[in-house]
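Below is one structure, written out as structure tokens, with a few remarks after it.
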Amino acid sequence: MKRLAWLVAALGMTAAHPAAALDSICPYQGQDQANIAAVMRIPYQDVPKLVAFFCANVGRKAYNAVGPDRVRDVYLGPIVGVAWVNSGDTISEPNMPLQLAPISAFWYVIGTGGVSDRPFARIASDIVGR
């Protein structure tokens, strides 16, 4: 199990400078492109378009897109990063209880200012960026 550098970097970002860290948070790793294509069941050449789709939400406000009506559309905080995370990778921040990604997918890093005073990771399909 590895602690993901993207999450550690995102946790150190300030809300005033999200764009400065975008290059270190948003790009996919070339070696992951085949894995992303296989898991998402899309052609290999379409992976950059999918990555661009998720990266476009960085800087937007994150809202819950799943669950009962009372928790849908709850403002979670700003989206400060996105990354492809493999199943079993660590998604918890340092010095917090260990949390592993249950599936391989794109994950957003949600910053402070919403439901939590600490940044946290959420699977991108559970989030609407506005």
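Nothing in this text is a laboratory measurement; each read-out follows from the coordinates by a stated rule. Bear in mind that the values here come from a model prediction, so they are computed numbers and not experimental data. All Cβ positions, glycine included, derive from the backbone under ideal geometry; neighbour counts span all protein chains shown.
What to note about this one:
- Residue within region 85-101 that is of a type in the set (Asp, Glu) and surrounded by 17 or more Cβ atoms within 10 Å (Cβ to Cβ) present: yes
- Under the condition of being of a type outside the set (Lys, Arg), farther than 14 Å from Ala83 by Cβ and in contact (Cβ under 8 Å) with a residue 12 or more places away in the chain, the residues counted in region 104-124 number 6.
- Note on region 56-71: residues that are of a type outside the set (Gly, Ala, Ser) and surrounded by fewer than 13 Cβ atoms within 10 Å (Cβ to Cβ) amount to 5.
- Residue, farthest from the chain's Cα centre (by Cα), within region 40-64, restricted to residues that are in a loop (DSSP other than H, G, I, E, B) and over 24 Å from Pro119 (Cβ atoms): Pro43
- Qualifying residue in region 94-103 (condition: closer than 17 Å to Gly59 by Cα, outside any loop (DSSP other than H, G, I, E, B), of a type outside the set (Val, Ile, Thr) and in contact with a strand residue (DSSP E or B) (Cβ under 8 Å, 6 or more places away or on another chain)): no
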